[in-house]
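First the structure, in the form of structure tokens, and then the observations on it.
The values are calculated or read from the model by the stated rules, or taken from the named source; none is laboratory data. In this text the structure is predicted, and so the values were computed from the model without any measurement. In this analysis, Cβ positions are derived from the backbone assuming ideal geometry, glycine residues included, and neighbour counts consider all displayed protein chains. All accessible areas refer to the heavy atoms of the entire protein, side chains included, with ligands and DNA or RNA removed. Shrake-Rupley method; radii C 1.70, N 1.55, O 1.52, S 1.80 Å.
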Amino acid sequence: MRAHPAGPAHGDLINPAAPNLPPEDLNGLHPSVWPATAERSDGVLSIGGLDVRDLVRDFGSPLYLLDEADLRARARALREAFAGAEVYYAGKAFLSVGFARWVASEGFGLDVCSGGELAIALRAGFPVDRIAMHGNNKSERELTRAVEAGVGTIVLDSYAEIVRLADIAAKADIRQRVMVRTTVGVEAHTHEFIATAHEDQKFGFSFSSGAAAEAVRRVLKLPSLELVGLHSHIGSQIFDTAGFEVAAKRVVQLLADIREEHDVELAELDLGGGLGVAYTAEDDPAQLHRFAADLRTIVAYECGRHGLKMPKIVVEPGRALVGPAGITLYEVGTVKPVQLDAGAVRHFVSVDGGMSDNIRTALYDAAYTCALASRGSDAEPMLARVVGKHCESGDIVVKDAWLPADVQPGDLLAIAGTGAYCRSMASNYNQVPRPPVVSVGSGQAKVLLRRETEDDLLRLDAG
Ligand code: LLP
């Protein structure tokens with residue numbers, strides 16, 4: 001938390017229980033939170049060289065923006081940090097046909113976890129051999145589609161699926177590359193990682209109960225399946241490699257056990273996704289290069305201990321590629337001061353979207369950074385709660401946001417870090433059409449996903 005020399009200016013306007021002090025400069029843009037090309041000119045925010053007021057005029061509000069330069073820089077950083085490893089972008093973070101093409105052109109693979117994500121990848125012409133398919137309950141139809149399309153790797157998640165996939169592959173006369181997903185007893189989220197009660201979850205085969213070893217046994221007996229490696233995903237929004245260290249230790253132990261029992265050395269080790277990003281200035285995720293180097297060192301050390309050849313490492317970042325490159329723009333509709341106990345006032349700033357375009361605050365109590373985007377302001381900082389337009393009091397976009405006290409209807413607000421898991425988790429709650437996703441770069445804007453309309457909503461209605 002940062003110290004603020006003056007402290008909040010007007011006591012009756014703020015909630016005394018404020019978790020943070022206001023930033024020193026409300027017009028500042030913290031570089032770890034905002035996309036690379038975000039800047040202010042005369043107080044007005046621009047991204048990719050485009051004034052946010054013009055973007056909202058052209059594409060409406062709310063509006064998701066993706067900063068192309070930021071994305072390219074992140075892609076390059078991932079490639080460099082994980083040189084020698086394979087990087088599969090996790091499409092669940094955000095996916096569209098155009099985005100999938102861009103991901104392919106950057107040399108990444110793609111992790112899909114549903115028939116819908118696969119359909120988008122196929123429509124994009126994504127190189128199928130660089131697609132990996134996940135999921136704890138892939139349907140017969142999804143598996144058949146994946147096998148017939150030639151999906152590079154299918155990550156097995158249950159005994160039933162082993163049999164199901166082996167049959168499908170045999171019928172298609174294909175030897176399908178597969179991995180076995182192991183649950184290694186680590187569940188890591190941000191700073192903490194918990195090594196207890198971890199295996200009580202729906203994904204993968206447990207390492208400690210012997211289920212993972214049994215899954216490997218069964219797969220190796222099936223000629224239509226080619227076991228290429230093990231997979232482990234320990235969580236998301238992880239800030240350091242401590243959890244991965246425990247995971248790598250166990251998964252490499254399993255590689256050693258497999259060699260011992262079957263005389264087979266598996267060539268690939270997929271350590272999943274989970275690299276954390278900064279949503280607020282207080283967040284301090286590990287530097288990518290450091291993170292990647294630590295992972296490599298851990299795996300190399302563990303393999304060395306067991307005399308195993310270093311496997312090819314695969315990682316599946318989603319958020320780390322697309323999260324910080326995205327922002328959401330909203331228009332303020334109302335500002336409502338609400339008297340709280342102890343004389344404090346909470347200012348509810350209502351915007352024209354909410355939990356339908358960003359469920360993360362309601363679902364995970366996620367924190368975001370918010371800024372007045374359509375003008376600068378010298379007004380005093382005011383602790384506001386940015387809320388949506390939905391019929392639900394939990395419809396909060398930013399729980400505690402420092403905004404200038406003169407924020408008013410018609411102003412545009414920008415929320416940083418919304419590139420991942422916002423559009424992809426968006427809903428039509430209250431029959432609110434979902435906002436478009438527009439990528440911006442070098443003064444040009446390109447629609448990746450257009451805005452939904454009421455006609456789109458009614459199209460599915462059988463009447
Ligand atoms: N690989 C697997 C097998 C996964 O399950 C996930 C995420 C990833 C990769 C990508 O993780 P990332 O690098 O993006 O952290 N909806 C939540 C995140 C759920 C992540 C689920 N799996 C959120 O909004 O924070």
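Can you tell which of GLU261, GLU268, GLU245 is within 15 Å of HIS231 (Cα to Cα) and free of Cβ contacts under 8 Å to residues at least 60 places away in the same chain?
Criteria check complete, one pass: GLU245.
May I ask you to list the residues in region 275-292 that are touching a Lys or Arg at 6+ places or on another chain (Cβ under 8 Å) and within 11 Å of the ligand (Cβ to nearest atom)?
LEU275, GLY276, VAL277
Among the listed residues ALA405, ALA420, ALA416, identify the single one that is touching a residue at least 24 places away in the same chain (Cβ under 8 Å), in contact with a helix residue (DSSP H, G or I) (Cβ under 8 Å, 6 or more places away or on another chain) and within 21 Å of LYS92 (Cβ to Cβ).
Being touching a residue at least 24 places away in the same chain (Cβ under 8 Å), in contact with a helix residue (DSSP H, G or I) (Cβ under 8 Å, 6 or more places away or on another chain) and within 21 Å of LYS92 (Cβ to Cβ) holds for just one of ALA405, ALA420, ALA416, which is ALA420.
Might you check whether a residue that is part of a helix (DSSP H, G or I), away from the ligand (no atom under 16 Å from the Cβ), modelled with pLDDT under 95 and on the phi > 0 side of the Ramachandran plot occurs anywhere in region 329-341?
no
Please determine, by comparing only the residues of region 131-150 that are surrounded by fewer than 19 Cβ atoms within 10 Å (Cβ to Cβ) and within 15 Å of the ligand (Cβ to nearest atom), which one is nearest to THR182 (Cα to Cα).
ASN136
Where the second residue is among the acidic types (Asp, Glu) and the first is part of a loop (DSSP other than H, G, I, E, B) and lies in region 136-161, which pairs have Cβ atoms under 6 Å and are six or more apart or on separate chains?
These pairs meet every condition: ASN136/ASP157; GLY152/ASP129.
Cβ-Cβ below 6 Å, separation at least six or inter-chain, first residue in region 294-321 and among the hydrophobic types (A, V, I, L, M, F, W, C), second more than 16 Å from the ligand (Cβ to nearest atom) and part of a loop (DSSP other than H, G, I, E, B): which pairs?
ALA300/MET310; CYS303/MET310
Could we say that ASP352 is under 28 Å from GLU68 (Cα atoms), among the charged types (D, E, K, R) and touching a Phe, Trp or Tyr at 6+ places or on another chain (Cβ under 6 Å) here?
yes
Scan region 294-328 for residues that are hydrophobic (A, V, I, L, M, F, W, C) and either within 27 Å of HIS30 (Cα to Cα) or in a strand (DSSP E or B) (or both) and jot them down.
ILE313, VAL314, VAL315, ALA320, LEU321, VAL322, ALA325, ILE327
What strands (runs of 3 or more DSSP E) lie completely within region 360-463 and have 3 or more residues being open to solvent by 10 Å² or more (accessible area, probe 1.4 Å) and in the same structural domain as HIS30 (by TED's automatic domain parsing)?
381-387, 396-404, 444-449
Report yes if GLY109 is closer than 18 Å to ALA149 by Cα and without any contact (Cβ under 8 Å) to a residue 12 or more places away in the chain, otherwise no.
Taking the combined requirement at face value, the residue does not satisfy it.
Any idea how many residues of region 394-421 are touching a Gly at 6+ places or on another chain (Cβ under 7 Å) and at negative phi?
Count: 6.
Test VAL103 against the stated conditions and say whether it is assigned to a helix (DSSP H, G or I), surrounded by 22 or more Cβ atoms within 10 Å (Cβ to Cβ), of a type in the set (A, V, I, L, M, F, W, C) and within 21 Å of the chain's Cα centre (by Cα).
It is true that VAL103 is assigned to a helix (DSSP H, G or I), surrounded by 22 or more Cβ atoms within 10 Å (Cβ to Cβ), of a type in the set (A, V, I, L, M, F, W, C) and within 21 Å of the chain's Cα centre (by Cα).
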